[in-house]
There are 2 protein chains.
Amino acid sequence: MSGDTLSGLTRNQTLVLSALERAGAPLSAYTILDQLREEGFRAPPQVYRALDKLVEMGAVHRLESINAFVACRHPDCEGHETAAFAICETCGQVRELNDAHLAHHLRDLAGKDGFVVRKSTVELRGTCATCQAAA
Amino acid sequence: MSGDTLSGLTRNQTLVLSALERAGAPLSAYTILDQLREEGFRAPPQVYRALDKLVEMGAVHRLESINAFVACRHPDCEGHETAAFAICETCGQVRELNDAHLAHHLRDLAGKDGFVVRKSTVELRGTCATCQAAA
DNA sequence: GCTGACATGTTATAAGATTACATTGTTGCG
DNA sequence: CGCAACAATGTAATCTTATAACATGTCAGC
């Protein structure tokens, strides 16, 4: 292997993951790119390639409904293909909801028609407790 | 009112909805645009404006995970904000799953943390029964 | 030192969505 | 009628998100 830094991550992967962990909230690929210009990043593929791998290995989730990426908080949990997310539209914070029940329920629901689920996207947009209280 | 054609839809809204109904499958905004060039469509806003209204009134759903739009098959059902979709990655067909249980479950799950859901996105990608059998 | 595999760098472009502004059309009303 | 007000439409430009294609670098093992 070549540019290892930590537990099998390459330099670019490490940088992208750190940026997401630092943010503690979802970032768009282009925001990450901007934050890593000082580290030498210059073009989108550098970010997207790292993100692809990180998503593949379960360290990062893609939030399809807002075209953004967020570091996974349960690096050791099972259901990376079936996680659900609660996205606060006020503060941008994301909570990862892990519920095996839900995954099962979805599989069953679709399965009634003979549909086989490969990947499920569950994203709830609304207001988190904190922002609710502040309103 | 101005360009009415049917039940309160304007000309452009009618054209866009017809295109989606004709397709019987999800279309991207730009595909719709291309299909409506002969009817005089020339720029994205004409499509997006119509789509916005149609989504708002529940006649069309936006599939966030594939950046596409699909005509709603249950024009009279309740849960337009909580519908779930099974999207076949082989044939492109979409099945709309309506399950009040699921909506409740999601609200409860998020609600444990005090999160209030405004809109939920549930999209399952996989293989439909037909394509499964053909494999 | 060569080679094969993988990571990286770089340019360009595709695809999706919105902003801003000009134009037209309808309606209500003096 | 004439005109103001508003809704829908048309149009150009731009912005954001994502990928394709190709060049370069790096290291392991022979």
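For region A:14-19, take each phi angle, set θ = phi - 60°, evaluate the Karplus expression 6.51 cos²θ - 1.76 cosθ + 1.60, and give the result in whole Hz per residue in order, putting x for glycine and proline.
Taking θ as phi minus 60°, the curve returns 4, 4, 5, 5, 4, 4 Hz for region A:14-19.
Quick one: Karplus J couplings for region A:29-35, per residue in order, coefficients 6.51, -1.76, 1.60, θ = phi - 60°, nearest Hz, x for Gly and Pro?
Values per residue, Gly and Pro as x: 4, 6, 5, 4, 3, 4, 5 Hz.
Could you work out the local net charge near residue A:70, counting Lys and Arg as +1, Asp and Glu as -1, over the other residues with Cβ closer than 9 Å to its Cβ?
Details: positive: A:62, A:73; negative: A:96.
Overall, the nearby charge balance is +1.
Quick one: order B:99, B:108 from most to least accessible surface, probe 1.4 Å. Numbers along the way, then the final one.
Working: B:99 35, B:108 95 Å².
From most exposed to least exposed: B:108, B:99.
With contacts defined as alpha carbon pairs under 8 Å and 6 or more residues apart, what's the relative contact order of region A:1-127 in percent?
Numbers: 158 pairs, mean separation 27.0, N = 127.
After rounding, I find 21 percent.
List, shortest first and in nm to one decimal, how far the label point of residue A:81 (7 Å from Cα along Cα→Cβ) is from its counterparts in the other copies.
Result for residue A:81, in nm, nearest copy first: 3.2.
Based on alpha-carbon centroids, what's the gap between region A:34-48 and region B:61-135 in Å, whole number please?
Rounded to whole Å, the Cα centres lie 35 Å apart.
In nm, what does the list of distances from residue A:132 to its counterparts in the other copies look like, shortest first, when each label sits 7 Å along Cα to Cβ?
With the label placed 7 Å along Cα→Cβ, residue A:132 yields 3.7 nm.
Go through A:28, A:7, A:120 and list them by solvent-accessible area, largest first, probe radius 1.4 Å. Kindly include the intermediate steps, with their values, before the conclusion.
Working: A:28 40, A:7 100, A:120 10 Å².
The residues order as A:7, A:28, A:120, largest area first.
What net charge is computed for the residues neighbouring residue B:131, neighbours being all others with C-beta under 15 Å from the C-beta of residue B:131, Lys and Arg scored +1, Asp and Glu -1? Don't skip to the end; give the middle numbers.
Details: positive: A:118, B:95, B:125; negative: A:113, B:89.
Overall, the nearby charge balance is +1.
Pairwise over distinct Cα atoms, reciprocal of the mean inverse distance: report the Kirkwood radius of the protein assembly as shown in Å, one decimal place. Don't jump to the answer; show the numbers that get you there.
Values: mean 1/r = 0.0489 Å⁻¹.
Evaluated over the protein assembly as shown, this radius sits at 20.4 Å.
Between copies, how far apart are the residue B:100 label points? List them in nm, one decimal, shortest first, with each point 7 Å from Cα toward Cβ, please?
Copy-to-copy label distances at residue B:100, shortest first: 3.0 nm.
Excluding residue B:89 itself, what net charge comes from residues whose Cβ is under 11 Å from its Cβ, given Lys and Arg +1 and Asp and Glu -1? Mind dumping the intermediate values first?
Numbers: positive: A:118, A:119, B:125; negative: none.
Spelling it out: positives minus negatives among the neighbours equals +3.
Starting from the Kirkwood Rh over alpha-carbon pairs, what translational D in µm² s⁻¹ does region A:1-68 have by Stokes-Einstein at 20 °C and 1.002 mPa s? Before the final figure, lay out each step's value.
Numbers: Rh = 12.0 Å.
Stokes-Einstein gives a translational diffusion coefficient of 178 µm²/s.
Can you give the accessible area of residue A:119 in Å² (nearest 10), computed on protein heavy atoms with a 1.4 Å probe?
60 Å²
Given the convex hull of the Cα atoms of region B:1-132, what is a quarter of its surface area in nm²?
On the way: hull surface 38.4 nm².
The directionally averaged projection comes out at 9.6 nm².
Any idea of residue B:48's accessible area? Nearest 10 Å², probe 1.4 Å.
The accessible area of residue B:48 comes to roughly 90 Å².
The values are calculated or read from the model by the stated rules, or taken from the named source; none is laboratory data. Values in this document were obtained by computation on a predicted structure and should not be read as measured data. With ideal geometry, Cβ positions are generated from the backbone for all residues, glycine too; neighbour counts draw on all protein chains shown. For the accessible areas, the whole protein counts, side chains as well, though only heavy atoms, and no ligand, DNA or RNA atoms are used. Shrake-Rupley method; radii C 1.70, N 1.55, O 1.52, S 1.80 Å.
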